[in-house]
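The values are calculated or read from the model by the stated rules, or taken from the named source; none is laboratory data. From a predicted model like this one, the values you see are computed outputs, not experimental measurements. Cβ sites come from the backbone with ideal geometry, for glycine too, and all protein chains shown count toward neighbours. Protein only, heavy atoms only, side chains kept; ligands, DNA and RNA dropped before computing areas. Shrake-Rupley method; radii C 1.70, N 1.55, O 1.52, S 1.80 Å.
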Amino acid sequence: QVQLVESGGGLVQPGGSLRLSCAASGSIFGMYTMAWYRQAPGKQRELVAGITSSGQTNYAESAKGRSTISRDNAKNTMYLQMNSLKPEDTAVYYCNYQLGRYNSWGQGTQVTVSS
């Protein structure tokens, strides 16, 4: 079972930035498709951005132009740089890995955008 641990969340003012990190266990991190999801209170969990093993990325419309997903396979870590944050970005952010039929979730990190 792959363990995923998110960090980097917190309270930030509108217009601010945060960088989330997701550290994964295992020796084949480079093979995983990784993604960031978020879930706001009362809403369904939604995709924010994803990155394949080859480095191809995709973004939700809400994240395009404001967020950058990346990975460092040598560190078994994925990142999400979020800029120009808005109150509607407030949510618990989760990382996810997929490899074939296997996948798992981290415990989440809270991001709150408020003045």
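Each principal axis of the Cα cloud of the chain was evaluated for its coordinate range; sorted largest first, these ranges are 41, 25, 22 Å. Full extension of the chain between Gln110 and Gln98 gives 2.1 nm of extra length, using 0.36 nm per residue less the Cα-Cα distance. Excluding residues on the same chain fewer than 8 positions from Lys75, give the lysines whose Cα lies under 28 Å from its Cα. Qualifying lysines at Cα under 28 Å: Lys64. Each residue of the stretch 99-107 was assigned a 3J(HN,Hα) from its phi angle through the Karplus expression (A = 6.51, B = -1.76, C = 1.60, θ = phi - 60°), giving 8, x, 8, 9, 7, 7, 10, x, 7 Hz with x at Gly and Pro.
Here the Karplus curve 6.51 cos²θ - 1.76 cosθ + 1.60, taken at θ = phi - 60°, turns the phi angles of the stretch 35-48 into couplings of 7, 10, 10, 9, 9, 8, x, x, 10, 6, 5, 9, 6, 9 Hz, with x standing for Gly and Pro. Rounded to the nearest 20 debye, the dipole size of the stretch 1-70 about its Cα centre is 140 debye, using +1 on the Cβ of Lys and Arg and -1 on the Cβ of Asp and Glu.
Per residue, the chain exposes an accessible area of 53 Å² to a 1.4 Å probe, with every protein chain left in place. Of the accessible area of the chain, computed with a 1.4 Å probe over protein heavy atoms only, carbon and sulfur atoms account for 47 percent. Placing pseudo-labels 7 Å out from each Cα toward the beta carbon at Lys75 and Leu11 gives an inter-label distance of 2.7 nm.
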